[in-house]
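The values are calculated or read from the model by the stated rules, or taken from the named source; none is laboratory data. All values reported here derive from a predicted model rather than from experimental measurement. Please note: Cβ atoms are built from the backbone with ideal geometry, for glycine as well, and neighbour counts cover all protein chains shown. Accessible surface is based on the protein model in full, side chains and every heavy atom, while ligands, DNA and RNA are left aside. Shrake-Rupley method; radii C 1.70, N 1.55, O 1.52, S 1.80 Å.
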Amino acid sequence: MSKITKVVARQVFDSRGNPTVEAEIFSKNISAKSICPSGASTGSHEAYEKRDKSNKKYLGKSVFKCVQIINNLISKKIKNENVHNQEKIDHILIKLDGTKQKSKLGANSILAVSMAVKKLSSKIKKIPLYKNFLIKKNFKLPYPLMNIINGGAHANNGLRIQEFMIRPDGARSFSEAIKMCFIVINNLKKMLKKEGHSTSVGDEGGFAPMINDNEKALKFIAKAIAISGFKNGKDISICLDVAANELYKKNKYSIHSKKFISSDLTIKKYLSFIKKFKISSIEDPFSENDWKSWNKLMKNNTLNTQIVGDDLYVTNLERLKIGFLNNSSNSILIKPNQIGTVTETLEVIKFSHIIGFKTIISHRSGDSEDTFIADLAVGTSSEQIKTGSLARSERVAKYNQLLRIEEDLGRQAKMNKIH
Ligand code: PEP
Ligand code: MG
């Protein structure tokens, strides 16, 4: 038993330069800290992110209330608890909050503490963090879904789809996966430059050229894959996060142009994209409450494309169960701050694997140097990880951590299954 002896919080900043919560947990003279990330295209069913809305010093974005909550309320409740008893500590936090969406304490206060507890536990046990989750042996490395063109709420280029990604399906090791993405990204950069486009990057490190046509972006990516000597759909495949919540009005969608069209026509266009560009994964193709359209797409999903629920499920077990019964998708995006504790996140991952859903561990568009999700992906045998491009330190930090884990596992390092 190792008791928690001190709990400290502070306001730090995320990759967008916005205030966020860091919690540091002590057991005598050993400590571990964790930083909560923050989304831009959030689902309305997500756990609540608490900010000091009336404090104008930081334009209503500071998190000093969260810091106070952790230093006083939370600290009192979890001091003297056994740091290895994650479930008990998380349930103390859930009970102390007492609301459905963690609006009293804020999911950002709770998650920073919850992740720091997990980290401290592994530090005290003297084991790497990835060995302190569900999986105890036979660790697998996730395939990266690497963002290479940013649009939607993550850039200001007018591109309607939020994320254009590549997944190196043909890679036999994590380092090979990164190398393949590196080559495609560099070739894409050259192509964009040559055609006079900007190669500055968006929130998640992907390029944000002034292209406002999804199809044009897809053509660029397909060409970059080919120039790199890879076969699209085999060595590397293209993945999308539509983030359709942002493009939905009165049962219609404006995904493929500014014009709002029916969900049936939207599905037709998705199916033609899947065929034409060999798209292997589409996240949030419809809005968070449009269960009917999700089901319709799954019924027409003859190529068994990966259909991923992000804003649809918000890492929430109850919503995942509804989606499973409704045949809404075949995979789920996992974002710990959508639900607010490590324990609840692990429950959702466990259930997903039981029902045969793939789990994709994900960053947020506002993220930090914290690499917790890299270890989480390996420690839960999650098939994939989505953590931005090979640009911006907060994104690269997760890939670097996965390279360290690969090295740590040595000959036992195996990639997870992709299909
Ligand atoms: C996403 O939508 O999958 C994402 C990572 O963006 P955000 O963090 O803005 O929700
Ligand atoms: Mg998403």
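Taken together, Ile178, Ile166, Ile135 contain a single residue that is within 13 Å of Ser389 (Cβ to Cβ), away from ligand 1 (no atom under 14 Å from the Cβ) and open to solvent by 10 Å² or more (accessible area, probe 1.4 Å), which is Ile178. Among the residues of segment 89-108, those that are β-branched (Val, Ile, Thr), surrounded by fewer than 24 Cβ atoms within 10 Å (Cβ to Cβ) and assigned to a helix (DSSP H, G or I) comprise Ile92, Ile94.
Going by the conditions given, is Lys269 in a helix (DSSP H, G or I), at pLDDT below 95 and out of contact with any Phe, Trp or Tyr (no Cβ under 9 Å at 6 or more places or on another chain)? Spelling it out, Lys269 is indeed in a helix (DSSP H, G or I), at pLDDT below 95 and out of contact with any Phe, Trp or Tyr (no Cβ under 9 Å at 6 or more places or on another chain).
Might you check whether a residue that is open to solvent by 10 Å² or more (accessible area, probe 1.4 Å), in contact (Cβ under 8 Å) with a residue 12 or more places away in the chain and assigned to a strand (DSSP E or B) occurs anywhere in segment 17-24?
The answer is yes; a qualifying residue exists.
Of all residue pairs spaced 6 or more apart or on separate chains, those with beta-carbon atoms under 7 Å, a first member in segment 302-313 that is more than 11 Å from ligand 2 (Cβ to nearest atom) and a second member that is of a type outside the set (A, V, I, L, M, F, W, C) and assigned to a strand (DSSP E or B) are Thr305/Ser280; Thr305/Ser281; Gln306/Ser280; Gln306/Ser281; Gln306/Ser331; Gln306/Lys358; Ile307/Ser331. Scanning segment 371-408 for residues that are assigned to a loop (DSSP other than H, G, I, E, B) and open to solvent by 20 Å² or more (accessible area, probe 1.4 Å) yields Thr371, Ser381, Leu390, Ala391, Arg392. Annotation note: of Ser368, Ser352, the sole residue that is small (Gly, Ala, Ser), in a helix (DSSP H, G or I) and open to solvent by less than 10 Å² (accessible area, probe 1.4 Å) is Ser352. For Asn157, the requirement of being part of a strand (DSSP E or B), open to solvent by less than 50 Å² (accessible area, probe 1.4 Å) and in contact with a Gly (Cβ under 9 Å, 6 or more places away or on another chain) is not met. Restricting attention to segment 27-85, the residues that are assigned to a strand (DSSP E or B), surrounded by fewer than 16 Cβ atoms within 10 Å (Cβ to Cβ) and touching a strand residue (DSSP E or B) at 6+ places or on another chain (Cβ under 6 Å) add up to 0.
Could you list, in sequence order, all residues of segment 109-132 that are β-branched (Val, Ile, Thr) and open to solvent by 50 Å² or more (accessible area, probe 1.4 Å)?
Ile127
Within segment 200-221, can you find the residues that are under 19 Å from Leu390 (Cβ atoms) and not in a loop (DSSP other than H, G, I, E, B)? Listed by number, the residues that qualify are Val201, Phe207, Ala217, Phe220, Ile221.
Where in segment 281-340 are there helices (runs of 4 or more DSSP H), lying fully within it, with 2 or more residues that are more than 16 Å from ligand 1 (Cβ to nearest atom)?
Numbers: elements: 291-299, 317-325, 336-339.
Where helices (runs of 4 or more DSSP H) fall fully within segment 281-340 and carry at least 2 residues being more than 16 Å from ligand 1 (Cβ to nearest atom), they are 291-299, 317-325.
Taking the criterion of being surrounded by 21 or more Cβ atoms within 10 Å (Cβ to Cβ) and of a type in the set (Asp, Glu), the residues of segment 261-309 that qualify are Glu283, Asp284, Glu288.
State yes or no: is Ala222 surrounded by 21 or more Cβ atoms within 10 Å (Cβ to Cβ), under 30 Å from Ser393 (Cβ atoms) and in contact (Cβ under 8 Å) with a residue 24 or more places away in the chain? When the stated conditions are applied, Ala222 does not pass them.
Okay, residues lined up against (1) over 30 Å from Val21 (Cα atoms); (2) in contact (Cβ under 8 Å) with a residue 24 or more places away in the chain:
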position	(1), (2)
Met298	yes, yes
Asn326	yes, yes
Ile332	no, yes
Val348	no, yes
Ile354	yes, no
Ile361	no, yes
Ala377	no, yes
Thr387	no, yes
